[in-house]
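These notes concern the structure reproduced below.
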Amino acid sequence: MYGLAILAHLLALVLMRYVGRRKLYMFGCLAMSITLFIMGGVSTLSSADSTTISWTVGALNVLVTFWYDLTIGPVCYSLVSEIPSTRLRVKTVSLGRIAYNGASIVANVVMPQMLAQEAWNLKVSEQLRWCEWERIDLLTDYRVEHRFSGLSLLC
């Protein structure tokens, strides 16, 4: 999986130059949303713990990681440098990091409870909820990110 992540990052360097960051970011949100939706659908096919379903969900999970490493992961760091004002950039990055760390803490505490059989036992159908968050992210980014297009020579 780590080798696939390195390959995705190397491909992202080429794709950012030829496709553009906005299109790559939007494609990544859409691809991750579709993959998470398929993953949630596969998990609802059977109530029994089948090895085929487990392998399919595992493969789709690797695919979600690949989509992230190919699109959203590398692009988000280059978008931060395009915020025009240096004073605004510091505040925006600080607020973004605080929100990211807060969301990570919540996700890392809640996710094991969602998947554990002794706790909530939502299994992989929880991916449908993550798919909805990804769709909200896609719609939000579509409305906000176009404000930064054309600010850099690499767009």
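The values are calculated or read from the model by the stated rules, or taken from the named source; none is laboratory data. Just so it is clear, the structure is predicted and the values come from calculations on it, not from any experiment. Here Cβ is always computed from backbone atoms with ideal geometry, including for glycine, and neighbour counts include all displayed protein chains.
Tabulated values for the structure
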item	result
Criterion: modelled with pLDDT of 80 or more and over 18 Å from Trp133 (Cβ atoms) - qualifying residue of Phe66, Phe37	Phe66
Single unsatisfied condition, Asp141 versus (1) over 14 Å from the mean Cα position of the chain (by Cα); (2) at pLDDT below 70	(1)
Residue satisfying condition, being more than 21 Å from Glu134 (Cα to Cα) and either surrounded by fewer than 13 Cβ atoms within 10 Å (Cβ to Cβ) or touching a Ser or Thr at 6+ places or on another chain (Cβ under 9 Å) (or both), within set Ser43, Ser50	Ser50
Subset of region 5-33 [without any contact (Cβ under 8 Å) to a residue 40 or more places away in the chain and under 20 Å from Arg135 (Cα atoms)]	Lys23
Options Leu13, Leu7: the member that is over 14 Å from the mean Cα position of the chain (by Cα) and farther than 17 Å from Thr65 by Cβ	Leu13
Flag if Cys131 is modelled with pLDDT under 75, surrounded by 13 or more Cβ atoms within 10 Å (Cβ to Cβ) and within 20 Å of the chain's Cα centre (by Cα)	yes
